[in-house]
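Since the structure comes first, as structure tokens, the remarks are kept for the end.
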Amino acid sequence: MALVTGAGQGIRIGSTEADLRRAYGSRLQNEPNHYREDAQDMWIDSSVNGQARSIRFVVVDGKIANFRAGEAGPVGWIEHCL
């Protein structure tokens, strides 16, 4: 399995919050991270072939630390579970 480090639009691990805002504009949503005071979760929602999809980024100290993508509901679950 290949390691994926980019999310399209030139966004990748290490990109800045400003890069995210430039790439996704008003589509970008955010909320405080549930585990770290110095982090926030930022995401965009979209539809692919009628299926709701999302990309969620964890931003720490102004830079993307990690991201995940997939079905809109499960991608947003804390700890990826119900």
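In table form, for the structure just shown:
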item	result
Under the Karplus curve 6.51 cos²θ - 1.76 cosθ + 1.60, θ = phi - 60°, whole-Hz ³J(HN,Hα) for region 54-70, x wherever Gly or Pro sits	8, 10, 10, 10, 9, 10, 10, 6, x, 10, 5, 8, 6, 8, 9, 9, x
Dimensionless Rg ratio for region 6-80, taking C-alpha atoms and the 2.2 N^0.38 Å reference	1.03
Total formal charge among the other residues, if their Cβ is under 12 angstrom from that of SER54, Lys/Arg +1 and Asp/Glu -1	+1
Of LEU20, ASN30, VAL59, farthest towards positive along the dipole that unit charges on Lys, Arg, Asp, Glu beta carbons give the chain	LEU20
Dipole magnitude (debye, nearest 20) for the chain, charges at Cβ of Lys, Arg, Asp, Glu	320 debye
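Quick note: the coordinates plus some simple rules give every number you see, no bench work behind them. Predicted model only: the values in this text are computed from it and were never measured. We place every Cβ from the backbone using ideal geometry, glycine too, and count neighbours over all the protein chains shown.
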